[in-house]
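Here is the structure we will look at, set down as structure tokens.
None of the figures in this text is laboratory data; all of them are computed from the coordinates on show. Not measured: the values here are computed from a predicted model. Cβ placement follows ideal geometry from the backbone for every residue including glycine, while neighbour counts extend to all protein chains displayed.
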Ligand SMILES: Cc1cc2nc3c(=O)[nH]c(=O)nc-3n(C[C@H](O)[C@H](O)[C@H](O)COP(=O)(O)OP(=O)(O)OC[C@H]3O[C@@H](n4cnc5c(N)ncnc54)[C@H](O)[C@@H]3O)c2cc1C
């Protein structure tokens, strides 16, 4: 969040949110002796680190310059999923005739009310990340800009300007990331939205341009298109969700087009120009040729830039580059006293990843474990999901990862069109795809495209994490009819491959003797 505390519109919900995550008139504690752990940033990584360390009895300080809860609570996961739910309801209502539900009269959508619902729920969730809750846990909560003043101290400068020096034995940098500004001609001339401002909208843009076809761009493109905006999505590469399994990305592209999103792929030579009333003219070239589009609002979602500036990292001897703070496998920086976790130190920019990295940091920072006792980031198995309809979820290797690693794999696919529950639900676009090490049932990666793929992926993550193979999944009873049963059917597919022509002949002979 670049501007301090952007909570617009400032209604009762945002007031409640602010009371929790940045109370007015908060008195910062007075640091006496060095803290055992100082945490910079109160997003997911910082909150988990502070709570974990305080729970172990450590003296902990937590410093936040804007809103506790960080991106996820305030301008990320929580508001986006709140909005997406309204978009799903609207899409379901519009498709209701297919289910025998006739609605007499017009279906009206109230964008302001949907956003108000989101703000209300965000405020309702916020006590979990609140300053008071953390103070009650025994954490010293400071509001202000944190900046290293040396290898074992930071300066904290609150809004009122009086800098405090906070000494530490160990520190965690959990300062997160923000929307990157791409080098697009004219970007600095126009007033554009990012994830920091888009959730403050109270009026639905008639025409919305979105630059960036990654998870954030795609989730919001679908939501706004379903709300009724005319959405144009610009993506530089030859397909959206370029990191995902290509079959999964193709299903989402098809769904977005059905939802009314215009997708421009292979976008280049893009230029932006301001027009009157805040409108923006976007010109450039895509695969289909030149385009010239006018939008009422433009959202830029082209990746995340780590918040390394203004931390004074040089003063602490902490190395960093454009990708963020550099850490070893123990999440330790070039200053042995300083660790880092979350978006600022990882290309896995997810809340659950930040959470588990922070747990590693607490253990490694507070317990002097030998080289074999330390917890390592490379041991984390991190799944992720994109919350479009249908959702896309993934864990482990993609086919290209296996190819690059020289690992031979077998791939099993179960289309949802063969899953009774998905058919009955009217959500049969999708599949479960599992890669196993060739000739074995050891799962090395999986992608699911389904209505609730983000939930379904956990069965495969659990299996991978605990060495459970496809054979065992195939032998595990799943309730009928569920979409999860598609995962079990992959086990059946695998078990069939174990039948050699010889065993098949033997089984058939035995069956002949059994019959009659
Ligand atoms: C639109 C959007 C949707 C998302 N949806 C999902 C999702 O559905 N699921 C998911 O897993 N992830 C999602 N993410 C990603 C998720 O929000 C991040 O991975 C997560 O917030 C990272 O947590 P963090 O603690 O590393 O950083 P942050 O949440 O960014 O927290 C860092 C904190 O540090 C503070 N800070 C920075 N510099 C200083 C300083 N110098 N002094 C003091 N404080 C400082 C910041 O103000 C901030 O509060 C989404 C992100 C966006 C933008």
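Cα-based Rg of the range 241-309 per 2.2 N^0.38 Å, rounded to two decimals? Intermediate results must be reported in sequence, preceding the final value.
Working: Rg = 14.8 Å, N = 69, 2.2 N^0.38 = 11.0 Å.
In units of the globular-protein estimate, the range 241-309 measures up at 1.35.
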Cut-off 13 Å, label 7 Å out along Cα→Cβ of residue 266, residues of the range 284-306 by amide N: 285-290
With the convex hull built on the Cα atoms of the range 307-416, state its orientation-averaged projected area in nm². 9.8
Pairwise centroid distance, computed over Cα atoms, of the range 272-334 with the range 390-452, Å: 31
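Order of 448-456, 121-129, 490-498 by packing, highest average Cβ count within 10 Å first? Intermediate values should be presented prior to the final figure.
Values: 448-456: 23.1, 121-129: 18.2, 490-498: 16.2.
Ranked from most to least packed, the peptides come out as 448-456, 121-129, 490-498.
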Suppose each label sits 7 Å from its Cα in the direction of the beta carbon; what would the residue 112-residue 476 distance come out to in nanometres? 4.9
The range 24-95-the range 478-516 distance, computed between alpha-carbon centres (Å): 49
Find how much the distance from residue 277 to residue 32 grows on full extension, using 0.36 nm per residue of separation minus their present alpha carbon separation; answer in nm with one decimal. 82.8 nm
All-pairs alpha carbon distance profile, the chain, 20 Å steps from 0, percent: 20, 49, 27, 4, 0
Extension gain residue 452-residue 24, at 0.36 nm per residue separation less the Cα-Cα distance, in nm? 150.1 nm
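Would you work out if the range 436-516 is rounded, prolate or oblate? Take a ≥ b ≥ c from the square roots of the eigenvalues of the alpha-carbon gyration tensor; rounded if a/c is under 1.5, else prolate when a/b is larger than b/c, oblate otherwise. Intermediate values should be presented prior to the final figure.
Numbers: a/c = 3.09, a/b = 1.83, b/c = 1.69.
Here the range 436-516 falls in the prolate category.
Sorted by packing (mean other beta-carbon atoms within 10 Å per residue), highest first, where do 243-255, 47-59 land?
On the way: 243-255: 18.7, 47-59: 21.8.
Peptide ranking by packing, descending: 47-59, 243-255.
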Spin-label pair residue 379/residue 347, simplified geometry with 7 Å Cα→Cβ offset, distance in nm: 2.4
Over all alpha-carbon pairs of the range 18-173, lay out the pair-distance distribution in 5 Å bins, whole %, shortest bin first. 2, 9, 16, 17, 14, 10, 7, 6, 5, 5, 4, 3, 2, 1
Between residue 102 and residue 407, with labels modelled 7 Å along Cα→Cβ, what's the label distance in nm to one decimal, could you check? 5.6
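How would 384, 26 line up from fewest to most surrounding beta-carbon atoms within 10 angstrom? Intermediate values should be presented prior to the final figure.
Working: 384 19, 26 15.
Ordered by Cβ neighbours within 10 Å, fewest first: 26, 384.
Can you give the Kirkwood hydrodynamic radius for the range 86-152, in Å, rounded to one decimal and based on Cα pairs? Each step should come with its number before you reach the end.
Values: mean 1/r = 0.0600 Å⁻¹.
Here the Kirkwood hydrodynamic radius works out to 16.7 Å.
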Where Rh is the Kirkwood radius over Cα pairs, Rg/Rh for the range 260-349: 1.21
Show me the ranking of peptides 78-91, 338-351, 280-293 by mean Cβ neighbours inside 10 Å, starting with the highest. 338-351, 78-91, 280-293
Ratio for the range 103-253, C-alpha Rg to 2.2 N^0.38 Å, reads 1.44
Please work out, to two decimal places, the log10 of the ratio I(q)/I(0) at q = 0.14 Å⁻¹ from a Debye calculation in which every Cα of the range 187-302 carries one identical scatterer. -0.52
One point scatterer per Cα, no solvent, Debye formula: log10 I(q)/I(0) for the range 390-497 at q = 0.18, 0.21, 0.23 Å⁻¹ comes out as -0.80, -1.08, -1.27
Using alpha carbons only, how many angstrom separate the centre of the range 205-237 from the centre of the range 137-164? 39
Given Cα pairs under 8 Å that are at least 6 residues apart, what percent is the relative contact order of the range 390-497? 30
